[in-house]
Structures are given as C-alpha cells and as structure tokens.
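The values are calculated or read from the model by the stated rules, or taken from the named source; none is laboratory data. Owing to the predicted nature of the structure, the values given are computational and were not obtained by experimental measurement. Here the Cβ is made from the backbone with ideal geometry for all residues, glycine too, and neighbour counts use every protein chain on show. Note: accessible area is taken over every heavy atom of the protein model, side chains too, but ligands, DNA and RNA are not part of it. Shrake-Rupley method; radii C 1.70, N 1.55, O 1.52, S 1.80 Å.
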Amino acid sequence: MDVFAALADPVRRDLLEQLAADGASRVVDLTRDRGISRPAVSRHLRVLGEAGLVSAADRGRERHYSLDASPLAQVDDLLARLRATGGDATARPPVSATALDALGLEVRRTVRDRTAQGEQRHTDPDHDTTSTADTEESA
C-alpha cells in the first residue's frame with residue numbers, strides 16, 4: 001500500500017495521531033470515542049500496516065499497535081520539493097519565455113488571419129450573407 005493512499009483517509013490520519021500521542025495501543029483503546037466498530041478500526045490498522053506506518057506486537061492475548069514514522073520520509077521529501085519550487089519566485093517556469101513569445105505571435109497571427117477571412121466573406125458582394133462554414137455544413 002502506498003503511504004499517500006494510506007494517509008488519504010481521515011480516520012487513518014486520526015489513528016496515527018492517537019498512536020503518536022499515546023504510544024502503543026490496543027484496538028479497543030483506538031476504538032474508544034471514535035464512533036466506529038472494532039473491525040473497522042482493525043481494517044484501517046491493516047492498511048496502515050501494509051503502508052509500513054504501523055507495526056503490531058503481540059503481548060499475551062493482546063495486540064498492541066505502534067506508529068512507525070519512517071515511511072513518512074516520503075511525504076517529507078515531496079513537501080520539501082514542493083516548497084523548494086512552488087514558493088521560490090526565482091524558480092524557472094515550466095515553459096521558457098521564448099516558447100511563450102512564439103505562442104503569443106501565433107495567437108496574433110491566427111486572430112489576424114481569421115479577421116481577414118471574416119471581412120472578406122462579409123464584404124464580398126458576389127456572396128450571399130451566409131458564411132462559408134454554414135454552406136459547407138449544409139452540403
């Protein structure tokens with residue numbers, strides 16, 4: 001299971017916060033005051049375990065779950081990359097200035113060509129008032 005997918009669910013994030021605050025806990029402790037069943041909490045813990053965020057240790061007849069924060073390094077790395085590029089005013093844009101200039105020139109050229117074609121259609125006395133596009137669609 002992907003760490004990001006495991007963190008996507010608010011119940012799982014709450015479980016991780018509780019494990020971080022309280023330390024190793026049993027399912028019955030994690031279920032208290034949560035409003036969901038023990039089997040539901042167990043399923044969330046299984047997903048967190050598959051992502052490597054939770055480990056389980058058997059103590060007698062009880063199983064205690066603990067937070068393993070090492071997979072959160074992936075989240076830290078992503079956030080660091082986003083902060084490094086997203087908040088930096090000197091960061092390079094994904095498109096070069098030359099490409100944007102060329103795009104602007106092409107837009108102006110297209111507008112000019114379409115305007116010239118439109119004027120020619122409307123000012124030509126030999127044509128009726130319907131445009132060429134309308135007559136092509138009806139054909």
Checklist entry - For region 1-29, what are the residues that are open to solvent by 50 Å² or more (accessible area, probe 1.4 Å) and closer than 16 Å to S70 by Cα? => result M1, D2, F4, R13, E17, A20
Item to check | Candidates S55, S66, S70 - the one that is assigned to a loop (DSSP other than H, G, I, E, B), out of contact with any helix residue (DSSP H, G or I) (no Cβ under 6 Å at 6 or more places or on another chain) and either open to solvent by 50 Å² or more (accessible area, probe 1.4 Å) or small (G, A, S) (or both) | outcome: S70
